Amino acid sequence: MEKRPARLLALFQLIACIAIFGCGHKEAAAPESIPVTVQAVAMASGAAGGAYSANIIADTQVDVAFKVNGYVQSILQVKGADGKLRNVQAGDAVTAGAVLAVVKDDTYRNSLVKAQADLQNSRATFSKAKADFTRYTHLLEQHVVSQADYDAAKQQYESAQASVGASQAAVQQAQVDLDDCKLKSPMSALVLDRKIEVGTLVSPNSVGFQIGDTSKVKVVFGVPGAIVGELKPGAAIAATVDAFPGQTFKGAISKVAAVADPNARLFDIEATIPNPDARLRVGMIAALHLPAAAQAQSVLVVPTRAIVRPPDDPKGYAVYVAEKNADGKMVATLKKVEIGPVVGDQVSIATGLDAGAQVIVRGADIVFNGASINVVP
C-alpha cells in the first residue's frame, strides 16, 4: 500500500513530460491570408483624360466690410417676387455706389457738429490774431512797440493759423466717418451672401456682404505635369453643366500655375468663360474639356478607393498591388504614386504604376506591405 502513491506520482510526471515534448514539436499556425479584391490598372481614353470637374466662381469677388462701429439701422430694400419691398439678399443684383446698409449715425453726426463748431471758433481766434499781428507789424515799423511784443503777436497768429488747419482736418475726418456709416457697393455685381441683419452690431472690418461680378465666371482645376506643358493662356476650352444639358459654354485658359501644389502635385489652371446672360451661377459644377493636344494624352487610372496614404508619408499617395513573393504566395506590395485629376470615380496616376498591375481595391485599408492576401472575386 505504501508503494501506490509513488507509482501515481511517476505516472503523472510521465504524462507531463509527454505533454511538454508534444507541445515543443507542434508547428506554429500559419498566419491567415487577408481576403481582397483586385482590379487591373487601366488606360483611360484621351477624351476621359481631358475632362475635369471644377466649381464655378465669380470673375471678381469682393468682401464689402464696414469702416465704423455701430448697429445696423437699415438694409437696402428691393422688390421681391410678390412686388413687396424686402432686404437685399443673395442672388440680387446691385449697382456701383448703391447703399447696401446704413449704420446708426447719431454719434458720428454729433461729432461732425462739434468739429464744425470748433472750426468756427478757431477761425474767429485766427481773425483776431491776424488783425493783431497786422497792427503790431505797423507799430514795429514806427518803433512804437518792442520787438518782444511783435514776436508775441506773431506767435499767436501762427498758432491760430495752425489751429484752423487742425480744425478743418477734424471736420473732414468727422465727415468721412459719417459718410462711412453708409456701406456702399464698390461695383455693379451680384450679391453672393449677406452676413448682417437690422440690429447687428458691427465694427471696422466686419464683412456685411459678399458680392461678385458674374458677367464672366472662372473655373480653377488641377492637371498633372504630363499635360501642363500643352496648356497655354488663351487656349480654348469648352464646359458643360448639368443644369443645361446638351449646351456647351466656350471660354479660354487665363492662367497656368508655374509651380505645382506641394500636396496634390498638380498644376492649377484657371479658365474664364463669358456669362453675359448670367446663366452660369456661382457654385455650379462644370465639366471642362481641354484642347485636343492635351486630350490626346492617355493616362492610367485606378479606382478612388484604391488610393491610400503611405505609412511613412502622411501627405503622399500610394496603392497596394497584389504580387507573388519568392515563395509563390500572394502578398500586398505598397507602391507610392503621384496622382492626377479625378476622372469620374477613378483617379489618374501620373507616375508609380504600370498598366496591367493588379491594384487592391477592396481591402486596401486593412492590408499592409508584405501582408499575405487571398484574392477573391
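Total residues in the stretch 62-88 satisfying the condition of being among the small types (Gly, Ala, Ser), surrounded by 15 or more Cβ atoms within 10 Å (Cβ to Cβ) and assigned to a loop (DSSP other than H, G, I, E, B): the figure is 0. Give me a count of the residues in the stretch 263-285 that are under 16 Å from Asp213 (Cβ atoms), among the charged types (D, E, K, R) and in contact (Cβ under 8 Å) with a residue 12 or more places away in the chain. The qualifying residues number 3.
Yes/no matrix, rows are residues, columns are (1) of a type outside the set (Val, Ile, Thr); (2) within 17 Å of Val64 (Cβ to Cβ):
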residue	(1), (2)
Glu197	yes, yes
Val220	no, no
Ile237	no, no
Gly246	yes, no
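Of all the numbered requirements in (1) out of contact with any Phe, Trp or Tyr (no Cβ under 9 Å at 6 or more places or on another chain); (2) among the hydroxyl-bearing types (Ser, Thr, Tyr); (3) more than 24 Å from Gln61 (Cα to Cα), Ser188 misses one, and that requirement is (3).
Show the residue pairs that are 6+ apart or on different chains and have beta-carbon atoms under 8 Å apart, the first residue being within the stretch 51-77 and without any contact (Cβ under 8 Å) to a residue 24 or more places away in the chain, the second being surrounded by 16 or more Cβ atoms within 10 Å (Cβ to Cβ) and of a type in the set (S, T, N, Q). Close Cβ pairs (under 8 Å, with a partner that is surrounded by 16 or more Cβ atoms within 10 Å (Cβ to Cβ) and of a type in the set (S, T, N, Q)) amount to Gln77/Asn87. Taking the conditions (1) touching a helix residue (DSSP H, G or I) at 6+ places or on another chain (Cβ under 8 Å); (2) at pLDDT 85 or above in turn, Arg265 satisfies each one other than (2). Those residues that are in contact with a Phe, Trp or Tyr (Cβ under 6 Å, 6 or more places away or on another chain) and under 26 Å from Gln77 (Cβ atoms), I need them from the stretch 149-180; list them, please. Result: Asp177, Leu178.
Count of the stretch 233-260 residues, restricted to those that are surrounded by 12 or more Cβ atoms within 10 Å (Cβ to Cβ), over 13 Å from Leu288 (Cα atoms) and not hydrophobic (A, V, I, L, M, F, W, C), is 3.
Of all residues in the stretch 309-341, those being surrounded by 14 or more Cβ atoms within 10 Å (Cβ to Cβ), within 17 Å of Ile373 (Cα to Cα) and touching a residue at least 40 places away in the same chain (Cβ under 8 Å) number 6.
The values are calculated or read from the model by the stated rules, or taken from the named source; none is laboratory data. Since this is a predicted model, take the numbers as computed values, not measurements. Virtual Cβ from ideal backbone geometry, glycine too; neighbours counted across all protein chains shown.
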